[in-house]
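What follows is a single structure, written as structure tokens, with notes after it.
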Amino acid sequence: MSTQVFTAVAADEGQMIAARSVGLGTLIKALIILGSSVFAANSNAVVCPLSQDIDVTLASNARWEMCWETRAEEGVVLSDGYFTDADGGRRKVFKSLSVSQINVVFDDASAPLNLVTGAGLGADNFRTMTAQDCPDGTRLGGVLCQRIEARGYAYKSYSQQKQGSSVVLSSASTPGASTYIVRWSFGDDGSVAPAIGLSGDLPRVATGASPYGWPVNSNGAVGVGFTNNYFWRMDFDLGTDDADDAVEELEIVPSADRRRKSKTLTLLGTETARAVNADLKRSWRILDTQITNADGRAISYHLEPMHDAHRSRAGGGVLATDVQFTRYKACERFSSVNTAASCGDDVTQFVNGESTNAADVVMWYSVSYHHLPRVEDSNGVPVHWDGFVVVPRDWTSLNPLALLPGSPLRSEYRREFAGVHSIAVTQFAGDAS
Ligand SMILES: [Ca+2]
Ligand SMILES: [Ca+2]
Ligand SMILES: [Ca+2]
């Protein structure tokens, strides 16, 4: 556990906050209203409303800090996330992460569901996390399970290797017949992997020779197929300034004879909605326009869409594209059925020409999964996971997990955090010496 003491406080947008001394267990109940200038001066502080903080140091010495809260609609919302790499470099990664809609479209054209803005993932639709739900973990607020999970090799090269691990946060919600397990996995490599597990009961069962599903018992019951369109809102705020980030699109473009493939980088300077393109290996990254690593490269987080075999394009609107980049606006919470006054109805309306160059950028991403029931679903749908991963790109000039003690590479690597951290060089648990 951490022994670091946070005494400085920070907040944006003047929210009311409570300062907490982490590790000493001392709660300083000081409600303070602070402005953004204070945030810049005390960027090392993590201060959580209601003191709902998460602070986990993994075996590699990598550390994730963030706040969590619950809302009736989104369920668990994570905020103010900081990643400290295995060699001690610490930066802010995100302002807010949430599930921004779950849209269920049935194959028999019965009324679709919007579960986040409809029944909601939170409040009474949370399922209590029991000790059995959260083996070897820590239960937070009765609804969130915090665990450390092994993720296998962090790297392997000849005889050298390191095993990685992740902080995994899970909650379970039942906004209808289906149970959804909302999972956020934060790796010791800085990766962020959101996922949603579908389980519970089938949401729609018909009878007779329906072509829209699959027989789920011997008495003519047919589980109707459906598509879950999962939407996430990811407000990355990289580094010390939330208003100086930008978006770049990456493509790998084949030559006419397809013998060469050229990398192209395109700055997306205004709000935009984009679709994946498997042939061009299209992907996107959020970068900081000011902070670079020791090699002079912009630090960034990179979305690599690898899960697009299922899709629901026919409905148009928010389903016509896969990812959207917008300039931050507080009322833009839900990818669809966004009902806040003076705000767009869905993320396609949030995309209205504002600048995303050196701005507070928000990334919206969706993944679709079509569930064709099977008879095993009839007494409890086996969990089906869908999600994606966002990884650091040039966040550091070397791989911190592969820095061996005493390596001359370490002094080069540590230059990029000069003035940000000055702790003694640490030994890695599990390293060959
Ligand atoms: Ca920034
Ligand atoms: Ca906008
Ligand atoms: Ca942002």
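Does Ser342 satisfy the criteria of being farther than 27 Å from Gly176 by Cβ and touching a residue at least 40 places away in the same chain (Cβ under 8 Å)?
no
Could you check region 260-286 and list, in sequence order, the residues that are without any contact (Cβ under 8 Å) to a residue 40 or more places away in the chain and assigned to a strand (DSSP E or B)?
Lys261, Ser262, Lys263, Thr264, Leu265, Thr266, Ser283
From Asp87, Asp80, Asp133, Asp124, grab the single residue that is out of contact with any Gly (no Cβ under 9 Å at 6 or more places or on another chain) and part of a strand (DSSP E or B).
None of the others qualify; the one that does is Asp80.
With the requirement that a residue be in contact (Cβ under 8 Å) with a residue 40 or more places away in the chain and part of a loop (DSSP other than H, G, I, E, B), what does region 44-77 give you?
Hits for region 44-77 are Asn44, Val46, Val47, Gln52, Leu58, Ala59, Ser60, Asn61, Ala62, Ala72, Glu73, Glu74.
Go through region 215-255 and give me each residue that's assigned to a strand (DSSP E or B) and within 16 Å of ligand 3 (Cβ to nearest atom). Before the answer, list the steps.
Taking region 215-255 first, the residues assigned to a strand (DSSP E or B) are 215, 221-224, 226-236, 245-254.
Correct list: Trp232, Arg233, Met234, Asp235, Phe236, Asp245, Ala246, Val247, Glu248.
Name the one entry in Ser79, Ser60 that is in the same structural domain as Arg333 (by TED's automatic domain parsing) and under 30 Å from Gly317 (Cβ atoms).
Result of the check over Ser79, Ser60: Ser79.
Among what's in region 332-343 and is of a type outside the set (Val, Ile, Thr) and more than 27 Å from Ser300 (Cβ to Cβ), pick the residue that is farthest from ligand 3 (Cβ to nearest atom).
Among those residues, the one meeting the criterion is Ala341.
Between a first residue in region 227-242 that is within 17 Å of Asp85 (Cα to Cα) and a second residue that is outside any strand (DSSP E or B) and within 14 Å of ligand 1 (Cβ to nearest atom), which pairs have beta carbons less than 6 Å apart while being 6 or more apart in sequence or on different chains?
So the pair list comes out as Thr240/Ser43.
If you check every pair at least six apart or on different chains, which have Cβ atoms under 7 Å apart with a residue in region 360-378 that is within 16 Å of ligand 3 (Cβ to nearest atom) first and a residue that is in a helix (DSSP H, G or I) and modelled with pLDDT of 95 or more second?
Trp364/Val347
For Val247, are the conditions met, namely being under 30 Å from Gly75 (Cβ atoms), surrounded by 13 or more Cβ atoms within 10 Å (Cβ to Cβ) and within 16 Å of ligand 2 (Cβ to nearest atom)?
For Val247, the condition - under 30 Å from Gly75 (Cβ atoms), surrounded by 13 or more Cβ atoms within 10 Å (Cβ to Cβ) and within 16 Å of ligand 2 (Cβ to nearest atom) - is met.
Would you confirm whether any residue within region 148-158 is in a loop (DSSP other than H, G, I, E, B), modelled with pLDDT of 95 or more and assigned by TED's automatic domain parsing to the domain that holds Glu73?
First, pick out the residues of region 148-158 that are in a loop (DSSP other than H, G, I, E, B): 158.
Still in the list and also modelled with pLDDT of 95 or more: none.
Within region 148-158, none of the residues are in a loop (DSSP other than H, G, I, E, B), modelled with pLDDT of 95 or more and assigned by TED's automatic domain parsing to the domain that holds Glu73.
Specify which of the listed residues (Ser342, Ser355, Ser312) is of a type outside the set (Val, Ile, Thr) and within 23 Å of Glu251 (Cβ to Cβ).
Details: Ser342 fails: within 23 Å of Glu251 (Cβ to Cβ); Ser312 fails: within 23 Å of Glu251 (Cβ to Cβ).
Being of a type outside the set (Val, Ile, Thr) and within 23 Å of Glu251 (Cβ to Cβ) holds for just one of Ser342, Ser355, Ser312, which is Ser355.
Restricting region 340-389 to residues that are among the hydrophobic types (A, V, I, L, M, F, W, C) and touching a helix residue (DSSP H, G or I) at 6+ places or on another chain (Cβ under 6 Å), which is nearest to ligand 1 (Cβ to nearest atom)?
Per the stated criteria, the residue is Trp364.
Just to be sure I understand, how many residues within region 300-339 are at pLDDT 90 or above, surrounded by fewer than 21 Cβ atoms within 10 Å (Cβ to Cβ) and more than 16 Å from Ser368 (Cα to Cα)?
Residues that pass the stated criteria total 8.
Looking only at region 182-213, count every residue that is more than 14 Å from the chain's Cα centre (by Cα) and either surrounded by fewer than 18 Cβ atoms within 10 Å (Cβ to Cβ) or over 17 Å from Phe94 (Cα atoms) (or both) and tell me the total.
So the count comes out to 17.
Taking the conditions exactly as written (buried (at least 19 other Cβ atoms within 10 Å of the Cβ) and more than 25 Å from Val99 (Cα to Cα)), does Asn293 satisfy them or not?
So Asn293 passes the test.
Checking the structure you have, find out if any residue of region 85-104 is among the hydroxyl-bearing types (Ser, Thr, Tyr), crowded, with 19+ Cβ neighbours inside 10 Å and more than 16 Å from ligand 3 (Cβ to nearest atom).
Looking through region 85-104, none of the residues is among the hydroxyl-bearing types (Ser, Thr, Tyr), crowded, with 19+ Cβ neighbours inside 10 Å and more than 16 Å from ligand 3 (Cβ to nearest atom).
The values are calculated or read from the model by the stated rules, or taken from the named source; none is laboratory data. Quantities reported herein were computed from a predicted structural model and do not represent experimental measurements. Glycine also receives a Cβ, built like all others from the backbone with ideal geometry; neighbour counts cover every protein chain displayed.
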